[in-house]
Amino acid sequence: ISESLVASLKVSPEEFSVVYQPQYDLDSGRLVGLEALLRWQHPEFGAVSPAEFVPLAEQRGVIHELTEQLVRCIRRDLDSDTFIGKGDQRLAINISARQIADSRLEHLLDPFFEATRQAGWLPELEITETHLMNLSRRSLEQLRAFGDKGVTVAVDDFGTGYSSLAYLQTLPVHVLKIDRQFVSRLGPDRRDSRIVAAILAIADALDLEVIAEGIETELQKSRLQELNCHRGQGYLMARPSPLAGLSLADAEPS
Ligand code: G
Ligand code: G
Ligand code: MN
Ligand code: NA
């Protein structure tokens, strides 16, 4: 499958596509952003998960080429008339921390930033917490340079890594994404809300925005609202969807 990936990236770009998962303001229901997620449809193996092929691409040194496919797919989608933003909503992509040091990244992402803004969206980068904690000086500079261009950076899967709060404070990041394992534990017993409450306190102390991932039930959503978390994404509101079939409408207020 590793060989297949390398070959497909070169000769079968049509095997790749992107789905988008909406992010909402939990109180008003307003659509506040979209997270783009890459999909690989292999002719023989079928749908291969990015959880599988992203690590493979990293191992094989083709993560840059994978992001190239991602940007190509998104730019094609952005060309569609149905994909018009309102100017204040975000369009986030996931990138792997290892590629930040790659000097080609800026050249690769600039067209994404530009096309995104052109279509009325604000570009955002998501980087998983585990990897953010070992950034080289070069990577940090690169991340700062993106920040200087007005690109927001979100810490993905927050709570699963080993963030030093002192270090986190120095990072050019803007958003913490509460990992879905903590959201999935929210339920009738309010004691199960403590970790989420702690993450919200950290975000508050560091002056960062926060968004919850993986909201699947009404109860989880209302627990989050009680805790003062006002943004979220998850199957309860919307699953990731290809552009055809994607609704950019607001959700029901609550
Ligand atoms: O969309 P799904 O749940 O299958 O994603 C599984 C994992 O793959 C998630 O951690 C997600 O962040 C990651 N992922 C999805 N698309 C991309 C991508 O384009 N680039 C990178 N680096 N990771 C991605
Ligand atoms: O690591 P990252 O947050 O980028 O992972 C995104 C992945 O989470 C996507 O592949 C998406 O399919 C998945 N996802 C999104 N919403 C939900 C949800 O409500 N429940 C579960 N179990 N997975 C979700
Ligand atoms: Mn993500
Ligand atoms: Na995540």
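The values are calculated or read from the model by the stated rules, or taken from the named source; none is laboratory data. All values derive from a computational prediction rather than experimental measurement. Positions of Cβ are backbone-derived with ideal geometry, glycine not excepted, and every protein chain shown enters the neighbour counts. Just the protein is used for accessible areas: all its heavy atoms, side chains included, with ligands, DNA and RNA removed. Shrake-Rupley method; radii C 1.70, N 1.55, O 1.52, S 1.80 Å.
Observations
- Screening the candidates 95, 100 for the property of being within 16 Å of ligand 2 (Cβ to nearest atom), β-branched (Val, Ile, Thr), within 18 Å of the chain's Cα centre (by Cα) and crowded, with 19+ Cβ neighbours inside 10 Å yields one hit, 95.
- Residue 107 vs. criteria touching a strand residue (DSSP E or B) at 6+ places or on another chain (Cβ under 7 Å), under 29 Å from residue 78 (Cα atoms), away from ligand 2 (no atom under 12 Å from the Cβ) and not hydroxyl-bearing (Ser, Thr, Tyr): no
- The C-beta contact set for the range 116-128 (first residue of a type in the set (D, E, K, R), second residue outside any strand (DSSP E or B) and within 16 Å of ligand 4 (Cβ to nearest atom), distance under 8 angstrom, 6+ apart or interchain) comprises 126/95.
- The set of residues in the range 123-160 that are in contact with a strand residue (DSSP E or B) (Cβ under 8 Å, 6 or more places away or on another chain), surrounded by 16 or more Cβ atoms within 10 Å (Cβ to Cβ) and part of a loop (DSSP other than H, G, I, E, B) comprises 151, 159.
Okay, residues lined up against (1) within 16 Å of ligand 4 (Cβ to nearest atom); (2) open to solvent by 10 Å² or more (accessible area, probe 1.4 Å); (3) in a loop (DSSP other than H, G, I, E, B); (4) among the charged types (D, E, K, R):
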| residue | (1), (2), (3), (4) |
| --- | --- |
| 53 | no, no, no, no |
| 57 | no, no, no, no |
| 61 | no, yes, yes, no |
| 69 | no, yes, no, no |
| 74 | no, no, no, no |
| 77 | no, yes, no, yes |
| 81 | no, yes, yes, yes |
| 84 | no, yes, yes, no |
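- Residue match in the range 14-37 (condition: open to solvent by less than 40 Å² (accessible area, probe 1.4 Å), more than 15 Å from ligand 3 (Cβ to nearest atom), part of a helix (DSSP H, G or I) and of a type outside the set (A, V, I, L, M)): yes
- The lone exception for residue 252 - which of (1) loosely packed, with under 15 Cβ neighbours inside 10 Å; (2) in a loop (DSSP other than H, G, I, E, B); (3) within 19 Å of the chain's Cα centre (by Cα) it fails: (3)
- Among residues of the range 222-254, those that are of a type in the set (D, E, K, R) and either farther than 22 Å from residue 126 by Cα or touching a helix residue (DSSP H, G or I) at 6+ places or on another chain (Cβ under 8 Å) (or both), counted: 4
- Selected residue [touching a Leu at 6+ places or on another chain (Cβ under 8 Å) and within 16 Å of ligand 1 (Cβ to nearest atom)] from 175, 210: 175
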